[in-house]
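Working notes, structure below.
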């Protein structure tokens with residue numbers, strides 16, 4: 001979930017949020033969405049229902065879009081994977097796109113890592129190292 005530290009980190013907000021969680025996270029993500037930002041929901045393990053402020057979305061001229069791979073044909077999935085490889089991965093190679101890593105835990109600290117995640121203390125990925 002994006003949070004106020006994301007708005008602080010990125011200044012005017014986040015242009016694109018790729019939401020893999022859904023549920024109550026939608027409201028927090030909405031708070032850091034930039035003007036004309038896009039919020040794309042692709043997963044809902046935290047729940048398929050959410051409450052959020054429509055007026056805030058309207059003021060920011062933002063958009064929310066949902067999608068899934070499950071309803072797509074194999075050919076569509078292959079095309080999307082190729083497009084991701086050609087259009088998105090190079091951004092990570094050049095540094096234009098970056099994964100945000102919050103913290104790394106040793107494999108022996110897996111319970112602490114899980115608790116850290118459950119308490120929603122992270123901003124970015126939590127890694128386990130061996």
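Bear in mind these aren't lab numbers, they're just calculated from the coordinates by the rules spelled out. Everything quoted here is computed from the prediction, not taken from an experiment. Because the Cβ atoms are built from the backbone with ideal geometry, glycine has one as well, and the counts that use them run over all protein chains shown.
Would you calculate, for the chain, the mean residue ellipticity at 222 nm contributed by helices, counting each DSSP H stretch of 4 or more residues as -39,500 (n - 2.57) and dividing by all residues, to the nearest 500?
About -10000 deg cm²/dmol.
If you take the beta carbon distance between residue 80 and residue 12 as r and set R0 to 41 Å, what does 1/(1 + (r/R0)^6) give as a FRET efficiency, to the nearest 0.05?
It comes out at approximately 0.90.
Evaluate the relative contact order of the chain (contact order divided by residue number), counting alpha-carbon pairs under 8 angstrom at least 6 apart; express in whole percent.
The value is 19 percent.
Express in whole angstrom the spacing between the alpha-carbon centres of the range 48-64 and the range 82-121.
For the range 48-64 versus the range 82-121, the Cα centre distance is 26 Å.
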